[in-house]
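Taken together, the values in this text are just the output of simple stated rules run on the coordinates, not laboratory data. If you're wondering where the values come from, they're calculated on a predicted model, not measured in any experiment. Neighbour counts are summed over all protein chains in view; Cβ atoms, including those assigned to glycine, are modelled from backbone coordinates with ideal geometry.
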Amino acid sequence: MATTREGRPVDAGRLSHARIRGAVASASGERTPASTVVDAILIAGCMVAALGSVTGQQSVWVMLPDWWMPADVIMGVLASALLWWRRRHPVAVAVVLAVVGGVFISAAAPAIIAVYTVASLSRAWIAVAVTLLHLGIAIPYYLVVPIGGLGMLSWVVFMMLIYATALTLGLAVRARRQVIVALVTAAGRSAATRSCAPPTRVRPSAHGSPGRCTTCWRTGSRSCPSTRVPSSTGPGAAP
């Protein structure tokens, strides 16, 4: 039987229906009202960040051709919109954004979110492989365009920390979701087992003495909770 952290048995009826539904829906990629709101906020935030890079990355744009900046911003907006399908197709979205996010600065935030999504919805080895793919494309970008005046070693450490954080958070969310689903499943099975158990039968005594359940009648137990003990003041009490 599933138990809580304090050792008490888990009651499926006491678990939050919203939490159960959210965990199962997230594991299957199903969209819920809550996930819709979260995705809308993430997409809007990434689009704002992409548009804000026009003025926030001036030190980078001067090292690139004049046409690169508008192309970068457009790709950042498109990459943000692609996050709408991150729950339904996490690996495909993450692979596409590995290329887009590794080349275009404005698409960096959607790429990191895609890595987190893969880690929270897919197997661990798939998440690690996707993370390595992102790093393999993003780190060499420094050789083409040095960003923020960082040294090569600082850039490598910075990128590894960002993607490692996204990977770790995603794996932690996946593990928590699996625990919730396992507890709900175990609690449901336990409840079904209790509901299907046959009721305890009471076997009357041949001389009209208090009845006992069949289990205690066979074992001769005198402390059965089903045994009806006569009152000391009622009819039949000993003088």
Which order do 74, 41, 180 fall in if you start with the one that has the fewest other Cβ atoms within 10 Å?
41, 74, 180
What distance in nm separates the two pseudo spin-label positions at residue 84 and residue 144, each 7 Å out from Cα along the beta-carbon direction?
2.8 nm
Using Cβ contacts closer than 10 Å as the measure, can you line up 63, 69 from fewest to most?
63, 69
At 0.36 nm per residue, and after removing the present C-alpha to C-alpha distance, how many nm does the segment from residue 55 to residue 172 gain when stretched out fully?
38.6 nm
Tell me, 163, 141 in order of fewest to most beta-carbon neighbours within 10 Å?
141, 163
